[in-house]
Amino acid sequence: MQLLDLFDVTFESQRHDVAIELDGPGGSIQLLTFGQIEGRADRTAQVLAARGLAPGDRLCVCLPNGLAFIDIFIACMKLGAVLVPINVLYREREIAHIVGDAAPKAAVATADGTPLFPKGTTVWDVEELTAAAAGAPAGRVRTTIDGRTPATLIYTSGTTGRSKGAVLSHDNVLVNTANLIACWRITSADRYLAVLPLFHVHGLANGLVTWLASGFRMRLVERFDASRAADLFSAFKPTLFFGVPTVYVRLLELPIEVSQAIGRHARLFVSGSAPLQAATFEAFRARFGHAILERYGMSETLMNTANPYAGERRPGTVGLPLPGVETRIVDGNGTDVGAGEPGELLLRGPNVFQGYWQQPEATAAAFVDGWFRTGDLAERSPDGYYTLCGRRTDLIISGGFNIYPREIEDLLLEHCGVREAAVVGAVDPRRGEVPVAYVVADQPIDQAAIDAVCRRSLASFKVPRGFIQVPALPRNAMGKVQKHLLPPWE
């Protein structure tokens, strides 16, 4: 079975129902039905096929939230092509790595984004592509593929510090969608306010795919803007809202008098992509009268565990395993540990990815006896709730985005006379964590110059919030840097 089979049910049974609301010109609201959504995707698929996009080809997409992203996503599913979403905040260095690894047939970007791609990359301007699709003839497009066929290639930080492409099949995404619809009681009567970026697996697999599969109405905005939140909630009256912890912190910062509309019509607030602090959970429940449902997922597995829809949503935990997801917690020797004992969380199930794109060694290292090694440390309560205790690696999660320190460290070592560098995550009340850099240099560092280098080469969320010069990095007897001994950043 392929994703399009799920979408077809909605396209056929709800063809005349309003599917989406978007910002239109002059403050107006643009409405499209599911029939119109499919028609746009069919015409886009015809244009992409005419340009040589075939089943199995990768297509990089670096676009903000909008109809064009949706058109291309559905078109890829219709053609059996593999969508490779790229964060719109990425710069040349980051995009070059993804393009070089995925070897796409082409990429789609805005006029501003096109120059960021390496020379020799075929880049189709999104405005030109949309115009060409508008003039294409009507007619349904369909390519029959196997459920094990890759649907999307999600690039995520790995243990080597280089971004790796996680291959998610149609079956992987289907299982995730079925679990969310069933466990969170999602129906076509729901109304979903979509503020998460579609290029991120959270907004894509949990939001966009679930919308197409269940047929609820979606209000899509380009990005989360706290100043618009109260008006959006009041006007659209969503029943569903998915966010990262940073979003909930920002909502709590709103004045009480302008935040009364939030939560009035909602039945479910979900948080993920980074740990939700218990204090945020309690403050949100006190202010808005809703217990946020925290869940745990990964780019390689989609959703693994979640607090129950009907039952105790326990703050500080990521709940219980979802249907079909098997879990183990093991010590350093691979031996299962008991309740209340921390260890590495292992997963197995139909949601787990096929492996890393063209990296058999990395794929082999990620599995042990058929179990996927998450790299996350967790413990299980006697009644089955899971709590994340940290990470086996030093991955930083800032506002729901993954940051691997080595990427930043390598960049710092290339510039500004830095001899040694260590990047760690510092606690931040809004983003959860932010990167901070400790550097060793022969001369006093020019913080403004280093900051400028990082901003030219890295996405904004990866730029260290502080640069601290130290005489030496603390190391153990084996020469490994002991980041926990670095002085605190204030």
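Bear in mind that the values in this text are calculations on the coordinates, not laboratory data. It should be emphasised that the depicted structure is a prediction, and the values quoted were computed from it without experimental measurement. Glycine also receives a Cβ, built like all others from the backbone with ideal geometry; neighbour counts cover every protein chain displayed.
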task = Sum up the charges of everything whose Cβ sits under 12 Å from the Cβ of PHE242, counting Lys and Arg as +1 and Asp and Glu as -1, but leave PHE242 out.
result = -1
task = Compute the FRET efficiency between ALA449 and ALA96 as 1/(1 + (r/R0)^6), taking r as their Cβ-Cβ distance and R0 = 22 Å, and round to the nearest 0.05.
result = 0.45
request  = Take the cross-link list LYS164/LYS462; LYS119/LYS483; LYS164/LYS483; LYS462/LYS483 and give me the ones stretching past 29 Å between alpha-carbons.
outcome  = LYS119/LYS483
Proximal lysines to LYS78, defined as alpha-carbon separation beneath 18 angstrom and excluding residues fewer than eight positions away on the same chain = LYS105
query = Amide H neighbours of GLU294 under 5 Å, counting only residues 5+ apart in sequence or on other chains, H built in-plane at 1.01 Å?
reply = SER271, ASN307
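Name the shape class, rounded, prolate or oblate, that the alpha-carbon gyration tensor gives for the stretch 85-192, where a ≥ b ≥ c are the square roots of its eigenvalues, rounded holds for a/c under 1.5, and otherwise prolate holds if a/b is larger than b/c and oblate otherwise.
Values: a/c = 1.84, a/b = 1.23, b/c = 1.50.
The shape class here is oblate.
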ask   = Which residues does a label at ALA189 reach in the stretch 206-243, if reach means a backbone N under 13 Å from a point 7 Å past the Cα toward the Cβ?
value = 239
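Give me the compactness ratio for the chain, meaning the Cα radius of gyration over 2.2 N^0.38 Å. Mind dumping the intermediate values first?
Details: Rg = 22.5 Å, N = 490, 2.2 N^0.38 = 23.2 Å.
Working it through for the chain, the quotient is 0.97.
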task = Determine the percent antiparallel among the DSSP beta bridges restricted to the chain, to the nearest 5.
result = 65
inquiry  = What number results when the radius of gyration of the stretch 239-379, computed over Cα atoms, is divided by 2.2 N^0.38 Å?
reply    = 1.22
remark   = With only helices counted (DSSP H, runs n ≥ 4, each -39500 (n - 2.57)), the per-residue ellipticity at 222 nm for the chain, to the nearest 500, works out to -8500 deg cm²/dmol
request  = Rounded, prolate or oblate: pick one for the stretch 105-157, where a ≥ b ≥ c are the square roots of the eigenvalues of its C-alpha gyration tensor, a/c under 1.5 means rounded, and failing that, prolate if a/b is larger than b/c, else oblate.
outcome  = oblate
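Given the C-alpha atoms of the stretch 304-417, compute the convex hull and give its volume per residue in Å³. Present the calculation step by step, with values, prior to reporting the outcome.
Working: hull volume 17.7 nm³, N = 114.
In the stretch 304-417, the Cα convex hull volume per residue is 155 Å³.
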query = Over the chain, what is the mean sequence separation of C-alpha contacts under 8 Å (at least six apart), divided by residue count, expressed as relative contact order in percent?
reply = 11
key: Global size of the stretch 3-223 as Cα Rg and Dmax, reported in angstrom   = 16.5, 49
key: Full-extension gain in nm, GLU127 to HIS484, via 0.36 nm per residue minus C-alpha separation   = 123.7 nm
ask   = Relative to a virtual label point 7 Å from the Cα of GLU312 in the Cα→beta-carbon direction, which members of the stretch 263-289 show backbone nitrogen distances below 19 Å?
value = 276-283, 285-286
request  = Just flag the trypsin sites (Lys or Arg not before Pro) in the stretch 384-490 sitting in loop per DSSP whose Cβ has no more than 11 other Cβ atoms within 10 Å.
outcome  = LYS480
inquiry  = Taking 10 °C and 1.306 mPa s as the conditions, I'd like the Stokes-Einstein D for the stretch 396-485 in µm²/s, using the Kirkwood hydrodynamic radius from alpha carbon pairs.
reply    = 119
message = Please list, ordered by chain and number, the residues whose modelled amide H lies under 5 Å from the amide H of ARG219; skip anything fewer than 5 residues away on the same chain.
response = GLU21, TYR192, LEU193, ALA194
ask   = For the pair ARG250 and GLU420, how long in nm is the line joining their label points, each one 7 Å along Cα→Cβ?
value = 3.8
query = Using a basic spin-label model with each label point 7 Å from the Cα along Cα→Cβ, how many nm lie between ALA278 and ASP146?
reply = 4.8
note = Taking alpha-carbon centroids only, the stretch 376-411 lies from the stretch 195-268 a number of Å equal to 25
